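**Student:** Got a structure for you, questions after.
The values are calculated or read from the model by the stated rules, or taken from the named source; none is laboratory data. In this text, all values refer to a predicted model and were calculated from it rather than measured experimentally. Here the Cβ is made from the backbone with ideal geometry for all residues, glycine too, and neighbour counts use every protein chain on show.
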Amino acid sequence: MIDVSHRIDGRDRPAPLTATNDFVVKFANVNGSGSASANALFAKSILRMGVPVAARNIFPSNIQGLPTWYEVRVCEAGHLGRRGGVDLMVAMNPQTFARDVASIEPGGYLFVDSTKPPPHEGLRGDITVLGLPLTAICNAAYSDPRQRQLFKNILYVGALAALLGIDPAVVDALVAEQFKGKERLIKPNLEALAMGRRHALETLDPIGLKVRRADAVGDRIYVEGNAAAALGAVWGGATVCAWYPITPSTSLAEAFMGYCEDFRADPDGGARAAIVQAEDEIASIGIVVGAGWNGARAFTCTSGPGVSLMQEFVGLSYFAEIPAVIFDVQRGGPSTGMPTRTQQSDILAAAYASHGDTKHPLLFPEDPTECFEMAALAFDLADRLQTTVFVMLDLDIGMNEWLCRPFAWDDSRRLDRGKVMSHDELESGKPFGRYQDVDGDGIAWRTLPGAHPSRGAYFTRGTSRDPNARYSEEGPVYVANMERLLAKFETAKALIPAPVFRPAGRRTPHGVIYFGSTSAAMNESLAELEATGIRLDAMRLRGFPFSDEVMGFIAAHETVFVVEQNRDGQLRTLIMNEGGVDPAKLVPVLNYDGSPITARFITGGISTRLGRGGA
């Protein structure tokens, strides 16, 4: 170990942290150094020990050279949000050394490459520094510069596994799985792991953080939200995907391609899905709307800048009443913003997308399992409501692997195509008017092209028209149509997933509303607040439009905190706008620095307003 001062401003140095199966490890690397797979190997090895982990990759938008971080939350209790703070920092990037060291908890640990002395700037006397000459070891073992860099990453994984007590057989087995089909790479990686273990055990003292085998993972799976949403699209009957590459949604389309090869291929090898990389986002949504008009279940995946470009076609979908699904994997904005950082900043843009008076259903999945479920549901809703439905992921859910419930599917479930008039119904003489509300729910019957040779045809237009789809700019006709669309939106309230409530055990004067990826940190924060005497009723929103339950929850509390990851409190604004809620009643708790929100941030934001031990 590298010696540091044992006194801090005349005070004794705090004792080194001790914890088993409950700590945070963070890796600070340089993008393009090959560290990502090594860091993921570390996280998965702990998972294989039966201990839940939550890993988050925080990376820059360039190809290489800028700082990148990989944070692993180890928590046998099952908290999967970011806690805040770091217990063990693996500092492999001199560029960010000072701020990386600053994030370590008092009594925590700093792991460094000690081939050269670490920068003195930023070193603290209240942490333990663990030095291993990684570069020197690799230079002695390998002659190829690229091998030296890549195996240095594997070397520190081996060292950390030794320090934390991770079973070497578990890590070795993961390496064999990772390089299956590339057997020539298995042996050198195992040798590098062994070198790291050996050097750590021979030269470093034991530390207080340990991984112990547990049985806390159960049957849960470890998967990215984008992949889960893509699989949900397949199960939901999607056969058309039109997309244009944009971070962080590209992997959703790529995953859909892969799943279609498995589940959308004819026995003779022919495709049963159309996947089009369009020339831009405008063309993408145009293809989707055209396919939806023709009866296909179609979607595009994009992020905020793409949603901005798609506005006019989204308006056509709303006004002409054509089904479409958009997966919006949100990122930092506005403009190019922070393309590889997470936010929940497209709420208003999606809810009111396009010019004029428009409203669109939104779904808010909290994890990959709900990404799968809500992806499939979105296509039913789009057909049932004959409109665009947005599934609001974000980069944190979409591009990170989450430990979540296994996906489940009811084989008796059938696709809900909504009000589509069949050939037989048309043949029987059943009256048809494309935009007539005959059932009082605001939803008109539609037909698909070719349903009947002489009946059920209509002209689809983006201009105002009467209930029989005939062009009309008469004011009363236009107003009647717009009122019907509002009635349809009212009907949607009963179709959107209901909010999830977390009672505090008794009615409290204060409540909290949250949604999406925030829920992982929020769940832990509620427990932290409870421990300080602050009790809150909690409600997780799962969709928009808001049901009467949402407004009832707000009405039942003196103050309601709204936790979200954007600057302007967009969900709060949407609630005020739709429910006529007094702004003073809704207190924003906002995180928008691009990193996933932490439990400590939420706890601090609420407790400072209420006072510790209050409520």
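**Student:** If a residue must be within 20 Å of ARG405 (Cα to Cα) and either buried (at least 20 other Cβ atoms within 10 Å of the Cβ) or of a type in the set (A, V, I, L, M) (or both), how many such residues does segment 210-268 contain?
**Tutor:** 18
**Student:** Then there's this: If a residue counts only when it is at positive phi and touching a residue at least 24 places away in the same chain (Cβ under 8 Å), which helices (runs of 4 or more DSSP H) contained entirely in segment 193-298 have at least 1 such residues?
**Tutor:** Per the criteria, no element qualifies.
**Student:** Checking the condition outside the structural domain of LEU252 (by TED's automatic domain parsing) and in contact (Cβ under 8 Å) with a residue 12 or more places away in the chain, which residue from LEU448, LEU395, LEU385 passes?
**Tutor:** The unique qualifying residue is LEU448.
**Student:** May I pose another question? Quick check on my filter: what residues within segment 12-40 are surrounded by fewer than 19 Cβ atoms within 10 Å (Cβ to Cβ), assigned to a strand (DSSP E or B) and charged (D, E, K, R)?
**Tutor:** ASP12, ASP22
**Student:** Applying the selection to segment 380-411, what residues are acidic (Asp, Glu) and either touching a Leu at 6+ places or on another chain (Cβ under 7 Å) or crowded, with 23+ Cβ neighbours inside 10 Å (or both)? Working first, answer last.
**Tutor:** Narrowing segment 380-411 to residues acidic (Asp, Glu): 380, 383, 394, 396, 401, 410-411.
Listed by number, the residues that qualify are ASP380, ASP383, ASP394, ASP396.
Here is a yes/no grid of residues against (1) surrounded by fewer than 23 Cβ atoms within 10 Å (Cβ to Cβ); (2) under 23 Å from ASN591 (Cα atoms); (3) of a type in the set (Phe, Trp, Tyr); (4) assigned by TED's automatic domain parsing to the domain that holds ILE602:
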site: LYS44; (1), (2), (3), (4): yes, no, no, no
site: ALA54; (1), (2), (3), (4): no, yes, no, no
site: ASN62; (1), (2), (3), (4): yes, no, no, no
site: PRO67; (1), (2), (3), (4): yes, yes, no, no
site: ARG73; (1), (2), (3), (4): no, yes, no, no
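**Student:** Continuing with the same structure: Of all residues in segment 394-411, which are of a type in the set (A, V, I, L, M, F, W, C), over 8 Å from the mean Cα position of the chain (by Cα) and more than 11 Å from PRO368 (Cβ to Cβ)?
**Tutor:** Selection gives ALA408, TRP409.
**Student:** Within segment 183-199, identify whether any single residue is surrounded by fewer than 17 Cβ atoms within 10 Å (Cβ to Cβ), acidic (Asp, Glu) and over 18 Å from LEU47 (Cα atoms), and answer yes or no.
**Tutor:** Yes, segment 183-199 contains at least one residue that is surrounded by fewer than 17 Cβ atoms within 10 Å (Cβ to Cβ), acidic (Asp, Glu) and over 18 Å from LEU47 (Cα atoms).
**Student:** Can you find a residue in segment 572-589 that is under 22 Å from ARG341 (Cα atoms), in contact with a helix residue (DSSP H, G or I) (Cβ under 7 Å, 6 or more places away or on another chain) and of a type outside the set (Lys, Arg)?
**Tutor:** Within segment 572-589, one or more residues are under 22 Å from ARG341 (Cα atoms), in contact with a helix residue (DSSP H, G or I) (Cβ under 7 Å, 6 or more places away or on another chain) and of a type outside the set (Lys, Arg).
**Student:** If you don't mind, there's one more thing I want to ask. Take the residues in segment 78-107 that are among the aliphatic types (A, V, I, L, M) and in contact with a Pro (Cβ under 8 Å, 6 or more places away or on another chain), then tell me which one is nearest to ASN39 (Cα to Cα). Write out each step before concluding.
**Tutor:** Taking segment 78-107 first, the residues among the aliphatic types (A, V, I, L, M) are 80, 86, 88-92, 98, 101-102, 104.
When the remaining residues are screened for being in contact with a Pro (Cβ under 8 Å, 6 or more places away or on another chain), the result is 80, 91, 98.
Values: LEU80: 17, ALA91: 13, ALA98: 21 Å.
By that ranking, first place goes to ALA91.
**Student:** Quick check on segment 458-470. Is at least one of its residues of a type in the set (Asp, Glu), not assigned by TED's automatic domain parsing to the domain that holds GLY356 and not in a loop (DSSP other than H, G, I, E, B)?
**Tutor:** no
**Student:** Restricting to segment 41-62, and then to whatever is under 22 Å from the mean Cα position of the chain (by Cα), of a type in the set (A, V, I, L, M) and outside any helix (DSSP H, G or I), can you tell me which residue is modelled with the lowest pLDDT?
**Tutor:** ILE58
For every residue, the table says whether it meets (1) among the basic types (Lys, Arg); (2) buried (at least 19 other Cβ atoms within 10 Å of the Cβ); (3) assigned by TED's automatic domain parsing to the domain that holds ALA227; (4) closer than 13 Å to VAL389 by Cα.
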{"position": "ILE285", "(1), (2), (3), (4)": "no, yes, yes, yes"}
{"position": "GLY295", "(1), (2), (3), (4)": "no, no, yes, no"}
{"position": "ALA298", "(1), (2), (3), (4)": "no, yes, yes, yes"}
{"position": "ALA320", "(1), (2), (3), (4)": "no, yes, yes, no"}
{"position": "GLY332", "(1), (2), (3), (4)": "no, yes, yes, no"}
{"position": "TYR352", "(1), (2), (3), (4)": "no, no, yes, yes"}
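**Student:** Next question, about the same structure. I'd like the full set of residues that are acidic (Asp, Glu) and out of contact with any Ser or Thr (no Cβ under 7 Å at 6 or more places or on another chain), limited to segment 525-578.
**Tutor:** Hits for segment 525-578 are GLU530, ASP548, GLU549, GLU558, ASP568, GLU578.
**Student:** Follow-up question, since we're still on this one. Taking the options ALA520, ALA527, name whichever one is over 25 Å from ALA492 (Cα atoms), touching a Gly at 6+ places or on another chain (Cβ under 7 Å), part of a helix (DSSP H, G or I) and of a type outside the set (Lys, Arg).
**Tutor:** So the residue among ALA520, ALA527 that is over 25 Å from ALA492 (Cα atoms), touching a Gly at 6+ places or on another chain (Cβ under 7 Å), part of a helix (DSSP H, G or I) and of a type outside the set (Lys, Arg) is ALA520.
**Student:** Does segment 567-588 include one or more residues that are within 26 Å of the chain's Cα centre (by Cα), of a type in the set (Gly, Ala, Ser) and either farther than 26 Å from THR491 by Cα or buried (at least 21 other Cβ atoms within 10 Å of the Cβ) (or both)?
**Tutor:** yes
**Student:** Among the residues of segment 91-127, which ones are within 17 Å of LEU204 (Cα to Cα) and among the acidic types (Asp, Glu)?
**Tutor:** ASP113
**Student:** Assess whether GLY533 counts as being under 16 Å from THR603 (Cα atoms), at pLDDT below 95 and not β-branched (Val, Ile, Thr). First the steps, then the outcome.
**Tutor:** Numbers: under 16 Å from THR603 (Cα atoms): yes; at pLDDT below 95: yes; not β-branched (Val, Ile, Thr): yes.
It is true that GLY533 is under 16 Å from THR603 (Cα atoms), at pLDDT below 95 and not β-branched (Val, Ile, Thr).
**Student:** From the set of residues in segment 120-140 that are among the aliphatic types (A, V, I, L, M) and not in a strand (DSSP E or B), which is farthest from ALA162 (Cα to Cα)?
**Tutor:** It comes out as LEU123.
**Student:** Filter segment 548-558 for residues that are touching a Pro at 6+ places or on another chain (Cβ under 7 Å) and within 19 Å of LEU610 (Cα to Cα); which is surrounded by the most Cβ atoms within 10 Å (Cβ to Cβ)? Write out each step before concluding.
**Tutor:** Taking segment 548-558 first, the residues touching a Pro at 6+ places or on another chain (Cβ under 7 Å) are 549-550, 557-558.
Keeping just the survivors that are within 19 Å of LEU610 (Cα to Cα) gives 557-558.
Values: HIS557: 19, GLU558: 10.
Among those residues, the one meeting the criterion is HIS557.
Residue-by-condition table, conditions (1) of a type in the set (D, E, K, R); (2) in contact with a Pro (Cβ under 7 Å, 6 or more places away or on another chain):
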residue	(1), (2)
ALA375	no, no
ASP380	yes, no
ASP411	yes, no
GLY433	no, yes
GLY440	no, no
TRP445	no, no
PRO453	no, no
PHE459	no, no
ARG465	yes, no
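**Student:** Quick one: how many residues across segment 511-547 are under 17 Å from PRO361 (Cα atoms) and buried (at least 24 other Cβ atoms within 10 Å of the Cβ)?
**Tutor:** Result for segment 511-547: 5.
**Student:** Out of all the residues in segment 112-146, which are surrounded by 15 or more Cβ atoms within 10 Å (Cβ to Cβ), touching a Phe, Trp or Tyr at 6+ places or on another chain (Cβ under 9 Å) and charged (D, E, K, R)?
**Tutor:** Answer for segment 112-146, where residues must be surrounded by 15 or more Cβ atoms within 10 Å (Cβ to Cβ), touching a Phe, Trp or Tyr at 6+ places or on another chain (Cβ under 9 Å) and charged (D, E, K, R): just ASP113.
**Student:** Further question: Can you tell me which residue in segment 412-446 is surrounded by the most Cβ atoms within 10 Å (Cβ to Cβ), limited to those that are under 23 Å from THR239 (Cβ atoms) and more than 36 Å from the chain's Cα centre (by Cα)?
**Tutor:** Among those residues, the one meeting the criterion is MET421.
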